[in-house]
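Engineer: The structure is given below, and queries will be raised subsequently.
The values are calculated or read from the model by the stated rules, or taken from the named source; none is laboratory data. Please read all numbers here as calculations on a predicted model, not as lab measurements. Neighbour counts are summed over all protein chains in view; Cβ atoms, including those assigned to glycine, are modelled from backbone coordinates with ideal geometry.
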Amino acid sequence: MLKDNFNLAYKNIRERMSRSILTLLGIAIGIMAIISLMGIGEGMNQQITGELSSLSDTIIIRVGPGFSIFTGGFSTENNDEYLTERDISDIERISGIREVNTQLSGTAILTFNGENVSATITGMDSASIDLTYNNNDLEFGTILKNGDQNNIIIGSNIAYSYFNSDVFIGNRIKINGNKFIVKGIFAEQGQGGLISNDNAVLLTSRDFKKVTGESNIYSATATVLNVNEVENIADEIELVINENHGKDDFASATTMSSIQESIQMIIGILQTVLLAIASIALVVASIGIMNTMLTSVMERTREIGIMKAIGATNTDVMLIFIIEGVLVSLIGGAIGIVLGVFGSQGISVILSGFAGRGAALQPIVSLTSVVLAVGVSLLVGVMSSTYPAWKAAKMSPIEAVRYE
């Protein structure tokens, strides 16, 4: 009997093909939105986990407030305050610290083809450079290595926007009157990273001290021996530095794990909000299914009366309409899943275009999201068709047969 109900429901859908297609399109759009957003969210989570999990033993030490997702990363304001050699020595003496690497920062005058511009320059030793960067971060050239002198790596804005003519690998730029050869150019990053390299001028610590005469330690990175102790060590680092400078909030020590958790929390909230918005399409679609089924009940009133007159039970009549609604919803859900896979790819291309080349994102459509989409489609189909099916089942056979 169930097979007969299924066949009859399928026949009714085919007879009203145009209306059925319009109805299932609403479901398809809602499911597409859910699949796309879940795929983008999962892709972002996987990308962040992949990038930061390998640095779980690393602590970033900076003057001023720590990492905040609400301000787009780390604050760039340090009020001309820097870490001192004493701070670094005290950090190195903390139990559980494996290594401490420093980053120097200051302002210098860059000269290229007779043009002068002011820029922030960064000095790092080779160990810090290896920890922070690799050749994949570059559009052209190679990373600075041990023994590299009078070589620099510049950001995309320095190369293509600061001067009237573009800067290329091998060109010479003067920094405070000292000649340097451009060895590498960072790939355009936009807003795709925790700290943008687009305006960077990177040179070795030795060259930095030579051109500035200073050794301002802008930030430092510390690696620990035991990952399980990283949070406690970070707290101890903050306490030591703040005591050295007589301030409660002079510096911050931020673990990569806490950065990862903060970003994932914001992604989760954003994904929930976007899914709630996408669910509006499913609500509209469910109303469309209900409207279609109610119209179908009215159009088939006489048919329902005849079926009940020849022995069809209320359950049989309800099943016919519920199966019809579920079929429309499941077909729409299947189409929505396919569209969602392609949609997530399209959204990732658009987002990467806005954020820059450094923010390439690969969406991940998981089995969980597919199962959820099928479940939602089934639920929408059942809920939307239950009332029309109940209304059809409650019809009086005699009045239904007389209906014109």
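Engineer: Looking only at the stretch 130-184, which residues are outside any loop (DSSP other than H, G, I, E, B), over 20 Å from residue 107 (Cβ atoms) and of a type outside the set (S, T, N, Q)?
Structural biologist: 130, 131, 137, 138, 139, 140, 141, 160, 172, 181, 183, 184 - these are the residues of the stretch 130-184 that are outside any loop (DSSP other than H, G, I, E, B), over 20 Å from residue 107 (Cβ atoms) and of a type outside the set (S, T, N, Q).
Conditions (1) surrounded by 18 or more Cβ atoms within 10 Å (Cβ to Cβ); (2) out of contact with any Gly (no Cβ under 7 Å at 6 or more places or on another chain); (3) under 24 Å from residue 82 (Cβ atoms), marked per residue:
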residue: 127; (1), (2), (3): no, yes, yes
residue: 136; (1), (2), (3): no, yes, no
residue: 151; (1), (2), (3): yes, yes, no
residue: 154; (1), (2), (3): yes, yes, yes
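Engineer: Now a separate question. Of all residues in the stretch 210-244, count the ones that are of a type in the set (D, E, K, R) and either closer than 19 Å to residue 183 by Cβ or not assigned by TED's automatic domain parsing to the domain that holds residue 118 (or both).
Structural biologist: The qualifying residues number 1.
Engineer: Criterion first (in a loop (DSSP other than H, G, I, E, B), surrounded by 14 or more Cβ atoms within 10 Å (Cβ to Cβ) and at pLDDT 85 or above) does residue 233 satisfy it?
Structural biologist: Working: in a loop (DSSP other than H, G, I, E, B): no; surrounded by 14 or more Cβ atoms within 10 Å (Cβ to Cβ): yes; at pLDDT 85 or above: yes.
In short, no.
Engineer: Further, regarding this structure: Can you tell me which residue is surrounded by the fewest Cβ atoms within 10 Å (Cβ to Cβ) among those in the stretch 309-331 that are farther than 15 Å from residue 391 by Cβ, touching a helix residue (DSSP H, G or I) at 6+ places or on another chain (Cβ under 7 Å) and of a type in the set (A, V, I, L, M, F, W, C)?
Structural biologist: It comes out as 309.
Engineer: Which one is surrounded by the fewest Cβ atoms within 10 Å (Cβ to Cβ), of the residues in the stretch 246-289 that are among the hydroxyl-bearing types (Ser, Thr, Tyr) and assigned to a helix (DSSP H, G or I)? Can you show your working first?
Structural biologist: Filtering the stretch 246-289 for residues among the hydroxyl-bearing types (Ser, Thr, Tyr) gives 252, 254-255, 257-258, 262, 272, 279, 286.
Checking which are assigned to a helix (DSSP H, G or I) leaves us with 257-258, 262, 272, 279, 286.
On the way: 257: 19, 258: 17, 262: 16, 272: 12, 279: 14, 286: 21.
Applying the filter and picking the extreme gives 272.
Engineer: Can you pull out every residue in the stretch 232-269 that is more than 19 Å from residue 41 (Cα to Cα), aliphatic (A, V, I, L, M) and free of Cβ contacts under 8 Å to residues at least 24 places away in the same chain?
Structural biologist: Within the stretch 232-269, just 239 meets the criteria.
Engineer: For residue 208, are the conditions met, namely being aromatic (Phe, Trp, Tyr), crowded, with 16+ Cβ neighbours inside 10 Å and at pLDDT 90 or above?
Structural biologist: Numbers: aromatic (Phe, Trp, Tyr): yes; crowded, with 16+ Cβ neighbours inside 10 Å: yes; at pLDDT 90 or above: no.
No: the conditions fail for residue 208.
Engineer: Given the options 110, 104, 144, name the one that is within 30 Å of residue 229 (Cα to Cα) and surrounded by 14 or more Cβ atoms within 10 Å (Cβ to Cβ).
Structural biologist: On the way: 110 fails: within 30 Å of residue 229 (Cα to Cα); 144 fails: within 30 Å of residue 229 (Cα to Cα).
Every option except 104 fails the conditions.
Engineer: Next question, about the same structure. Does residue 292 count as crowded, with 17+ Cβ neighbours inside 10 Å, closer than 30 Å to residue 94 by Cβ and not aliphatic (A, V, I, L, M)?
Structural biologist: Values: crowded, with 17+ Cβ neighbours inside 10 Å: yes; closer than 30 Å to residue 94 by Cβ: no; not aliphatic (A, V, I, L, M): yes.
No; evaluated as a whole, the condition is false for this residue.
Engineer: Just checking, does the stretch 159-181 include any residue being out of contact with any Phe, Trp or Tyr (no Cβ under 7 Å at 6 or more places or on another chain), under 27 Å from residue 62 (Cβ atoms) and of a type in the set (D, E, K, R)?
Structural biologist: The answer is no, given that none of the residues of the stretch 159-181 is out of contact with any Phe, Trp or Tyr (no Cβ under 7 Å at 6 or more places or on another chain), under 27 Å from residue 62 (Cβ atoms) and of a type in the set (D, E, K, R).
Engineer: Also, quick follow-up: Can we say residue 130 is in contact (Cβ under 8 Å) with a residue 60 or more places away in the chain, under 30 Å from residue 240 (Cβ atoms) and among the charged types (D, E, K, R)?
Structural biologist: Values: in contact (Cβ under 8 Å) with a residue 60 or more places away in the chain: no; under 30 Å from residue 240 (Cβ atoms): yes; among the charged types (D, E, K, R): yes.
When the stated conditions are applied, residue 130 does not pass them.
Engineer: For the stretch 82-137, give me each residue that is of a type in the set (Val, Ile, Thr) and either under 31 Å from the mean Cα position of the chain (by Cα) or within 16 Å of residue 209 (Cα to Cα) (or both).
Structural biologist: Taking the stretch 82-137 first, the residues of a type in the set (Val, Ile, Thr) are 84, 88, 91, 94, 97, 100, 102, 107, 109, 111, 117, 120-122, 129, 132.
Answer for the stretch 82-137, where residues must be of a type in the set (Val, Ile, Thr) and either under 31 Å from the mean Cα position of the chain (by Cα) or within 16 Å of residue 209 (Cα to Cα) (or both): 84, 100, 102, 107, 109, 120, 121, 122, 129, 132.
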